[in-house]
Every structure is written in structure tokens, then in C-alpha cells.
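Please read the structure below before turning to the comments.
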Amino acid sequence: MIDSHARLFDLKAAKILKSHVKGKQVLLVTNDKISPMYLEKYESILKQGGDKVVETCILPDGEDCKTMDVLTNILDKCLEKGLDRKTTFVALGGGVIGDMVGFAASIYQRGVNFIQIPTTVMAMVDSSVGGKTGVNHPLGKNMIGAFHQPQCVFIDTETLGTLPDRELQSGISEIIKYGLIRDAPFFEWQEENMDKLLAREPASLRYAIKRSCENKADVVREDEKEAGVRATLNLGHTFGHAIENGSGYGTWLHGEAVAIGTAMAATMSAEMGWIDESLVKRIYDILLKAKLPVELPLDSPMDKNTFLKLMSVDKKVADGQLRLILLKGALGNCVFTGDFDQNAMEKTIDDFVAECAGQPA
């Protein structure tokens, strides 16, 4: 029996995706977790009509695989198959795959087209939109990369049906961010509808993804290369990236580390008197309602020196000065600044690592 709905979707998907494929050659890249579920489907979609030659490349899954060594597998495949400058790369997966494929597309033959097909909430609402690509370095997250805009971001929310709960919750941390930094009504909607998001209620998920993408697109349109306002999209990320790196890549999902980082940014903002304690409570409450962490575990290796060392090489450091995204004023307002109280930052770090294993006795 033929599923007419699925067939109609495939036809529409093929029309959309192929309209953004400039040449005859396509390289479809995914990971070993996604490939059993969706590789055959999207390879078939891209081959519809018989006018495209589709090569595939399967990478190992995980943040710890987001390295130049693993990325080289993509370039090796291109050269082995003789792919030319009109080739379109297609990233099928979450944020790690999207970032790596986008970076590979930016450097292969000095730049080829690429398409994003995100399969996680995190990728749908954040990493697939805006053209940031890259890989990690042992000394810093996403420190090697380029701005390279995708030709198309194709979101199929049905892929979220196979997304593990932990990955879903991780992605929701970025949805929460948009409400905090620029869209107070959206934050208030989330407070009322978080249970529906966690239950994967289709209409609620589609709304949250669409509104998040609209928020990010508005910011990127104003500041593509992150010279100013785009940096505000990194609320909680300076603390969060330090947690990811210092704990060992793969220990935390990106959104989990960002959730702790957001709690730290809120706590620091309140310490300086920039936001009310009532807003701090709402932030902690919504993170907990989303089943996200708001503190480091007792066995965390993080200590104050680790935080400060890793934060000192953050991409937002300029002329040796650390700059942070902090909340200031009413809900929906933030600042990107180096003009903050260093003592408040260090007190916040001290409070968060006070009982961690990494803290000196």
C-alpha cells in the first residue's frame, strides 16, 4: 500500500530541495545515528527525476567528533569522487553535522553551495540559520570556522518524532533564549506551553520553531558577521562553552551547557542589580520546567581557574577584553558589553563551582 501523504511530501520536498541544487552533483552528509533513519529517504528525494548524481558520506556522531580530522572525511570523499565546484553539499542531521558540512562547503574549492536539513530542535531553531560553520579545537569550541550561508534550510518537523527526550530538551534551551533577549511575549507563551513542547504537540512545536527562526533571521539580517547585535544570540554561551570544553566535549549536550550558562548569566545580572530577582526566578523556573540543568553536578571537573582560562579565549573577546551577553532591564532586554563588574562575574563562578569536584579543597 502506498502512503499518499508520504508520496506527496517527497514530491514537494524534491521540488524545493532540487531548486537549490545548482549543478548535477550532490554530496549528502549525515552521521551514523541519523543514516539508518533518514539517509535513504533523502537520497531518494534528491535523486527524483534522475538528473542528479548523489554521493553520500557518513560521519561518526557526537560533539567529540566535531574536529578537523573527522571533517577531512568529507573532503576525501569529494576528491575521491571528483566532485566539482558546482557540487551542492547537503547536511542531514543536527548542529554538529550542519556546522561541519557548512565549513567543508566553505573551504572545498574555495566555496561550494550547501543546504541544511536539520533533524534536531537545536539545529532547526539555531545552528542551521545564519551561516555560522566550524569545528572545535581542544582549546576552544567553534574556534575554527567561517561564515557561509546555506542556499536553503529545509525543516521537516516529523524527524523530531525520533529525537531522544534529552536532545529535545537541549534544543528548547535555545528557544527560551529568544524570549529572554528580545521577545518577551514569546517567553510568556513558553511559560504557558512548555508542557506541550515537551509532549511534542505538533502545532506548538511548529509555532516555537517558526517564531525562533523569525527572531534569529531578523538579527542575522541586521548583523550577519556578528559585529554587534548578533552576539546577543549567545546569551549563556560564554559560560556554556567553557562548561562543554572543561567537562570534555560530549559530556554535556550544547543546550544543557547553555542552560547552565543562562542561569549563570541571569545570576550575574541580578548580582549587579541589572535585573530583578523575580525575573531570575522565572528564568530558573522555565529552565527546570523544560527539564534542563541549572547547576553543575558535584562531580563536575569545573573550577574557577578553568572557567576563567577558557572564557579568555572566547570568540567574543576583543583586544584582550572579555565581553558578555547579560540581561538588563525588563524581560526581553539584554546587552553585549565588556563593561561589567568583574567581581560579580567571579562571585557567580565561585557560587556555581563551590561544591564541584574540580574545586580545590
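The values are calculated or read from the model by the stated rules, or taken from the named source; none is laboratory data. Just so it is clear, the model here is predicted, and its values are computed rather than measured. In this analysis, Cβ positions are derived from the backbone assuming ideal geometry, glycine residues included, and neighbour counts consider all displayed protein chains. Please note that ligands, DNA and RNA were not included when accessible areas were found on the heavy atoms of the full protein model with its side chains. Shrake-Rupley method; radii C 1.70, N 1.55, O 1.52, S 1.80 Å.
A straight chain from K47 to E158 at 0.36 nm per residue would run longer than the Cα-Cα distance by 37.9 nm. Normalised size of the chain, defined as Cα radius of gyration per 2.2 N^0.38 Å with N residues, equals 1.00. Accessible surface of the range 1-143, 1.4 Å probe: 54 percent of it comes from carbon and sulfur atoms.
Within the straight-line cut-off of under 16 Å between alpha carbons, the lysines reachable from K15 are K24, K41, K47, K52, sequence neighbours fewer than 8 places apart in one chain being disregarded.
Between D218 and D319, the simple label model (points 7 Å from Cα in the Cβ direction) yields a spacing of 3.1 nm. I want to make sure I understand the PRE zone here: with the label point 7 angstrom from the Cα of Y284 toward its beta carbon, which residues in the range 342-357 have backbone N atoms less than 19 Å away? Within reach of a label on Y284, which here means backbone N under 19 Å from a point 7 Å along Cα→Cβ, the range 342-357 contributes 344-356. The accessible surface of the range 146-265, taken with every protein chain in place and a 1.4 Å probe, is 48 percent carbon and sulfur.
Roughly what angle does helix 95-107 make with the longest principal axis of the chain, taking Cα atoms, 0 to 90 degrees, to the nearest 10? Rounded to the nearest ten degrees, it is 60. Heavy-atom accessible area, probed at 1.4 angstrom with all protein chains present, ranks M302, M272 as M272, M302, highest first. The H20 and E40 beta-carbon pair, evaluated with R₀ = 25 Å, returns a calculated FRET efficiency of approximately 0.75.
The length gained by stretching the chain between A184 and T337 to full extension, at 0.36 nm per residue less their Cα-Cα distance, is 53.0 nm.
On a 0 to 90° scale, report how tilted helix 68-81 is relative to the longest principal axis of the chain, with both axes built from alpha carbons and the result rounded to the nearest 10. It works out to around 10 degrees.
Which of these, D51, D64, D303, has the largest mean-square fluctuation under a Gaussian network model of the chain (Cα springs below 10 Å)? Highest fluctuation of the listed residues: D51. Principal-axis analysis of the Cα atoms of the chain puts helix 237-247 at an angle of about 80° to the longest axis.
Calculate the length of the line joining the C-alpha centroid of the range 191-226 to that of the range 150-176, in whole Å. If we compute the Cα centre of each part, the gap is 10 Å. Build a GNM of the chain with springs between Cα atoms under 10 Å apart, and of I175, I283, I144 the one that fluctuates most is I144.
When the chain is treated as a GNM with alpha-carbon contacts under 10 Å, the residue of N245, N343, N215 showing the greatest mean-square fluctuation is N343. Note on the range 206-303: lysine pairs with Cα distance below 25 Å, sequence gap of 8 or more or different chains, count 8. Taking 0.36 nm per residue of separation and subtracting the current Cα-Cα distance, fully stretching the chain between A203 and H137 would add 19.9 nm. Surface calculation, 1.4 Å probe, protein heavy atoms: F340 sits at approximately 30 Å² accessible. In the context of the full set of protein chains, residues of the chain present 43 Å² of accessible surface per residue (probe radius 1.4 Å, heavy atoms only). Using the Cα gyration tensor of the range 242-325, with a ≥ b ≥ c the square roots of its eigenvalues, what is the shape: rounded (a/c below 1.5), prolate (a/b larger than b/c) or oblate (neither)? Oblate. For the range 62-186, the tally of Lys pairs with Cα-Cα distances below 28 Å comes to 14, considering only residues 8 or more apart or on different chains.
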